[in-house]
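Okay, structure first, notes after.
The values are calculated or read from the model by the stated rules, or taken from the named source; none is laboratory data. All values reported here derive from a predicted model rather than from experimental measurement. All Cβ positions, glycine included, derive from the backbone under ideal geometry; neighbour counts span all protein chains shown.
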Amino acid sequence: MKTITKALIEHHNEMRKLVKEIKKDPSKFIFLKKHLDIHHELEEDLLLSKLHVKKEVKAESLESQEEHFVLNILLLDLADFPKDNARWMVKFKVFEEILDHHLTEEEEDLFPEAENILSKEEQTASGAQFMELKERRLLAALETKPVRELEKPKKAE
Ligand SMILES: [Fe+2]
Ligand SMILES: [Fe+2]
């Protein structure tokens, strides 16, 4: 059974791949936005909400949530701003730096602490919930044009 932190890291890596692809083809940005919207929501519901109440990780956990807020604003700007304008890629690279920092901080600081604090049962139960909800929400989110014409999400191995 996959733990919640392992499942989240797998999703991080999926999104890192998408970031690389978007640099060659900005039209794929919409996929990343949908992945990240779903990721933030599920990460907050299934992990951060449990860490906010643990004094050992409260500060890091709240920081993670505030970074989601910043990233969400940048995602909205990137979604709105014309992709044929040269500034779009400049904006995207700034967004990439902030995203990168966020993912690394979760993986190196927050998640190892969460693994120590939460019970193994809780970690695997939330992991299973994450995998199921993520697949379901991605399928629903990508069921709209023009995304449908490009690519369906790949099943996690
Ligand atoms: Fe995350
Ligand atoms: Fe996050």
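Quick rundown of the values:
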| read-out | value |
| --- | --- |
| Of all residues making up the stretch 79-112, the number that are away from ligand 1 (no atom under 14 Å from the Cβ) and out of contact with any Phe, Trp or Tyr (no Cβ under 6 Å at 6 or more places or on another chain) | 17 |
| Inter-residue pairs, beta-carbon under 6 Å, first of a type in the set (K, R) and in the stretch 31-59, second at pLDDT below 95 and away from ligand 1 (no atom under 14 Å from the Cβ), 6+ apart | K34/A141 |
| All helices (runs of 4 or more DSSP H) inside the stretch 104-151 with 2 or more residues being of a type in the set (A, V, I, L, M, F, W, C) and at pLDDT below 95 | 120-141, 147-150 |
| Any hit, the stretch 24-42, residues being over 25 Å from L139 (Cβ atoms) and touching a helix residue (DSSP H, G or I) at 6+ places or on another chain (Cβ under 9 Å) | no |
| Residue in the stretch 87-94 that is free of Cβ contacts under 8 Å to residues at least 40 places away in the same chain and aromatic (F, W, Y) present | no |
| Any hit, the stretch 12-26, residues being surrounded by fewer than 17 Cβ atoms within 10 Å (Cβ to Cβ) and of a type in the set (S, T, N, Q) | yes |
| All positions within the stretch 73-107 that are within 13 Å of ligand 2 (Cβ to nearest atom) and farther than 16 Å from H11 by Cβ | I98, H101 |
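Yes or no, residue by residue, for (1) among the aliphatic types (A, V, I, L, M); (2) within 20 Å of Q129 (Cβ to Cβ):
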residue	(1), (2)
R16	no, no
K34	no, yes
L51	yes, yes
F111	no, yes
